[in-house]
Amino acid sequence: MEANNNMTAERSLEIITTQIAQSRKDVSKDVGLSLYIAGLCTMGTALVIGICTFFTNNSAFYLLYFALPLIIYGFTRYAKRNQPPTPSSLFGTMVAKTWLTFAIFALSFFVFANLFDFLVARTESPDVAVRLMIQPFRTILLLMGMCVTITGYILKSRWLVWCGIIGGIGGFIWETFNVTGTLFAYIAADISNYCGVVQGLIPGIIVALFAFIGLTLPGLMLKRQK
């Protein structure tokens, strides 16, 4: 009788373990598709903004980033239109709330930073304004990398963890130390549209690159896993 009870307990534990593993796999594939689409949309938006800013020298195109969440949502809904909904699970809930938190903080910070920069540019001298202005993209890249890394830990995906770390911290360091401006400062006289290149085209390429590392690549790998 005791042996039967042990076998029943072992069988129950095996079933629970299998269900947890299957649940994590289902969520991983669904998250992979979402990250893949989010990465492609971010890359496309960043490149469009960079190209438009390059040709017009008008930084107002950066406001297109406000439309990015809606673009991602629309493409994600379209891509998943024929797929059955992912069963509700602890992993899915944790991942969803992680990215909801990112969306709230990133969008709020982006709005605050742009409003602050707008007011500073009109109330302070140019020298003071340059020192006070907030550069939101480096912090948003860091937040994005953090969320990708947390998602990787939840889903037990090493690739996702490392892509999040490299994409988030790498993007933050790149923007913090103004690597783009430093690299191009030596050839500024040789570039006819220096502002368009440094403030438009190159930032768009950098955002697209780190979006590929932090979103598209890990999303593709999760989506293709068996």
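The values are calculated or read from the model by the stated rules, or taken from the named source; none is laboratory data. The structure presented is a predicted model; accordingly, all values stated were derived computationally and were not measured. All Cβ positions, even for glycine, are placed from backbone atoms using ideal geometry, and neighbour counts span all protein chains on display.
A few notes on this one:
- Residues satisfying the stated conditions in segment 175-205, i.e. of a type in the set (A, V, I, L, M, F, W, C), over 18 Å from I49 (Cα atoms) and at pLDDT 70 or above: F177, V179, L183, F184
- Helices (runs of 4 or more DSSP H) wholly inside segment 72-166 containing at least 1 residues that are at pLDDT 85 or above and within 13 Å of the chain's Cα centre (by Cα): 90-123, 136-155
- Residue match in segment 20-43 (condition: at pLDDT below 90, surrounded by fewer than 12 Cβ atoms within 10 Å (Cβ to Cβ) and not in a helix (DSSP H, G or I)): no
- Meets criteria (closer than 19 Å to T42 by Cα and crowded, with 16+ Cβ neighbours inside 10 Å) for G171: yes
- Complete set of residues in segment 44-71 that are surrounded by 14 or more Cβ atoms within 10 Å (Cβ to Cβ), of a type outside the set (V, I, T) and closer than 23 Å to M144 by Cα: G44, A46, L47, G50, F61, Y62, L64, Y65, L68, P69
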